[in-house]
1. Out of segment 127-146, which residues are in contact (Cβ under 8 Å) with a residue 60 or more places away in the chain and among the basic types (Lys, Arg)?
2. Among the listed residues Asn289, Asn305, Asn281, which satisfies the condition of being away from ligand 2 (no atom under 12 Å from the Cβ) and either closer than 25 Å to Tyr51 by Cβ or open to solvent by 20 Å² or more (accessible area, probe 1.4 Å) (or both)?
3. If you go through segment 309-317 one residue at a time, do you hit one that is within 15 Å of ligand 1 (Cβ to nearest atom), open to solvent by 40 Å² or more (accessible area, probe 1.4 Å) and of a type in the set (D, E, K, R)?
4. Go through segment 439-453 and count every residue that is of a type in the set (A, V, I, L, M, F, W, C), under 33 Å from the mean Cα position of the chain (by Cα) and either under 17 Å from Asp414 (Cβ atoms) or open to solvent by 10 Å² or more (accessible area, probe 1.4 Å) (or both).
5. Which one is surrounded by the fewest Cβ atoms within 10 Å (Cβ to Cβ), of the residues in segment 234-270 that are without any contact (Cβ under 8 Å) to a residue 60 or more places away in the chain and within 11 Å of ligand 2 (Cβ to nearest atom)?
6. Would you check which residues across segment 439-465 are assigned to a loop (DSSP other than H, G, I, E, B) and β-branched (Val, Ile, Thr) and list them?
7. For residues that are surrounded by fewer than 19 Cβ atoms within 10 Å (Cβ to Cβ) and either in the same structural domain as Val302 (by the TED database) or of a type in the set (Ser, Thr, Tyr) (or both), scanning just segment 79-103, find the one that is nearest to the chain's Cα centre (by Cα).
Amino acid sequence: MVKKICGIGAGYVGGPTMAVIALKCPSIEVAVVDISHSRISAWNSDKLPIYEPGLEQVIQQCRGKNLHFSTDVEKHVYEADIIFVNVNTPTKTSGLGAGKAADLTYWETAARVIADVSRSNKIVVEKSTVPVRTAEVIEKILVHNSNGKIKYQILSNPEFLSEGTAMQDLLNPDRVLLGGNDSLEGQEAIQKLKDIYAHWVPQDRIITTNLWSAELSKLADNAFLAQRISSINAMSALCEATGADVSQVSCVLSKNTKLGSKYLNASVGFGGSCFQKDILNLVYICESNGLFEVANYWKEVVKVNDYQKSRFVKKVVTSMFNTVSGKKIAVLGFSFKKDTSDTRKTPAIDVCKGLLADNACLSIYDPRVSEEQIRRDLSTNESHWDHSIQAKSTSFTSAKQVSVFADVYEATKDAHGICVLTEWDEFKTIDYRKVFDSMVKPAFVFDGRNVLDVDKLREIGFIAYSIGKPLNQWVDC
Ligand code: NAD
Ligand code: UDX
């Protein structure tokens with residue numbers, strides 16, 4: 001009988017995932033541990049470290065009962081029957097595979113703690129997204145200290161939640177994937193994990209595979225989703241060149257039951273902590289296996305995404321008479337998608353940096369992202385995955401060229417143009433007449449998410465552009 005679960009890593013995945021297990025399994029004690037004191041104290045406060053619709057209610061219901069947040073990693077690992085490892089696995093920034101391979105430092109540290117403090121058999125669950133065959137390496141670390149007395153079973157249970165809908169995705173998942181080895185012990189471990197999910201997930205949505213299929217399926221899943229976005233974004237460029245309308249094209253595609261309707265929204269580009277990282281990880285694995293053609297195929301998905309972001313910047317600059325120097329441009333939305341405060345790899349960073357490089361003055365508004373976070377993101381220099389030359393430092397200029405507002409009307413006042421970079425619902429109900437009246441004329445709108453009614457905007461007097469659409473709208477789909 002599983003009595004205690006420990007989740008290592010209290011981030012975007014660890015926090016919500018462990019909270020839902022606590023909610024659905026009241027007889028199990030769930031401890032979520034993290035090395036970050038600030039994160040844990042935020043989980044224990046009224047201001048949670050992440051914004052996710054529906055999360056706060058579940059935390060309030062379970063915290064202090066069977067859900068605990070702590071920095072005492074050793075204690076909770078020692079006591080647990082099952083340990084979920086939810087730590088970050090970012091792209092390596094130096095050494096072998098830099099810019100592509102997954103950095104497993106955090107995972108290795110977690111595995112060493114498990115190996116050092118465990119005195120009873122444990123099931124160790126890979127929740128983080130890891131390269132295929134990671135379980136093999138982890139096993140070597142785990143057994144180094146056990147003298148054969150402690151038995152570990154490693155399971156792969158990748159997480160498929162999307163940010164912004166994490167609670168919905170966790171409470172009603174379309175699938176739960178469990179990978180384990182074929183041995184009797186491996187199958188028993190799978191059964192124990194299955195029994196936990198069976199508290200709320202129907203049996204037919206729980207898929208079991210071998211370890212390597214489970215690990216690879218997660219990378220494949222993200223690569224396929226991102227590939228669809230890059231495919232429709234590539235079509236959006238062709239639409240703009242030919243007078244076709246990408247919304248009409250994607251509507252047609254979506255009615256093809258072989259394709260389905262999801263992930264066909266053209267945009268300024270995909271962002272988030274997962275897609276680029278996981279595709280590059282896949283690219284690195286292919287290269288390591290000598291599969292260079294396969295690696296190049298997946299690399300193109302990331303290249304098209306970069307192209308889409310720079311194409312957007314170019315569109316803004318060329319439309320505004322080939323210069324944005326000294327012009328105020330209002331940026332609406334900074335998070336990588338709506339309903340999250342997460343800005344990791346948000347397209348807004350690259351678009352803002354592109355506009356700043358052309359000496360624009362940015363006034364940024366996002367309903368959930370703090371000014372501190374925006375300034376941090378715009379002053380951090382990241383090396384580009386495809387070439388090692390570091391981008392020119394923008395930190396000094398950006399501090400002077402960037403203002404952040406808590407009110408959309410303040411942000412757009414006296415602006416020459418507006419760029420919508422996140423599809424927050426509230427952007428649809430802004431009083432655009434009021435906004436237009438307060439802007440410098442001609443007033444431009446660039447809808448990087450295709451969420452605004454551009455016909456209405458044009459009626460008001462805006463010069464309005466959207467992704468992959470002709471200047472005159474005709475949408476009947
Ligand atoms: P995150 O950075 O939000 O959280 C990771 C947490 O782990 C951090 O709080 C960090 O302090 C903690 N940590 C790192 N090393 C530790 C250690 N040794 N001991 C204790 N705590 C440690 O990351 P995330 O977004 O939650 O992602 C976690 C994993 O899940 C990644 O592998 C990611 O690819 C995968 N994933 C993420 C998402 C998503 O939408 N964010 C979805 C599916 C899968
Ligand atoms: C993704 C996967 O969806 C999820 O299964 C996995 O577990 C983690 O990675 P996430 O990154 O949270 O989830 O968000 P997602 O909704 O997939 O969006 C990723 C990016 O693609 C966002 O920037 C979003 O705006 C963009 N997107 C999505 C599009 O541009 N067009 C679309 O049609 C869909």
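1. Lys127, Arg133 - these are the residues of segment 127-146 that are in contact (Cβ under 8 Å) with a residue 60 or more places away in the chain and among the basic types (Lys, Arg).
2. Asn289
3. Checked against the condition, which is being within 15 Å of ligand 1 (Cβ to nearest atom), open to solvent by 40 Å² or more (accessible area, probe 1.4 Å) and of a type in the set (D, E, K, R), segment 309-317 yields no hits at all.
4. Summing the residues that are of a type in the set (A, V, I, L, M, F, W, C), under 33 Å from the mean Cα position of the chain (by Cα) and either under 17 Å from Asp414 (Cβ atoms) or open to solvent by 10 Å² or more (accessible area, probe 1.4 Å) (or both) in segment 439-453 gives 5.
5. Once the filter is applied, the top-ranked residue is Lys262.
6. Val440, Val451 - these are the residues of segment 439-465 that are assigned to a loop (DSSP other than H, G, I, E, B) and β-branched (Val, Ile, Thr).
7. Of everything passing the filter in segment 79-103, Thr93 is nearest to the chain's Cα centre (by Cα).
Residues are listed down the side, and each one gets a yes or a no for (1) crowded, with 21+ Cβ neighbours inside 10 Å; (2) within 15 Å of ligand 1 (Cβ to nearest atom):
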| residue | (1), (2) |
| --- | --- |
| Val130 | yes, yes |
| Thr134 | yes, yes |
| Lys140 | no, no |
| Ser146 | no, no |
| Lys151 | no, no |
| Phe160 | no, yes |
| Met167 | no, yes |
| Pro173 | no, yes |
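The values are calculated or read from the model by the stated rules, or taken from the named source; none is laboratory data. Note that the structure is predicted; figures quoted are calculated from it, not measured. FYI the Cβ positions are ideal-geometry reconstructions off the backbone, even for glycines, and counts take in every protein chain you see. The protein model used for the area step is the full one, side chains on, heavy atoms only, and it has no ligands, DNA or RNA in it. Shrake-Rupley method; radii C 1.70, N 1.55, O 1.52, S 1.80 Å.
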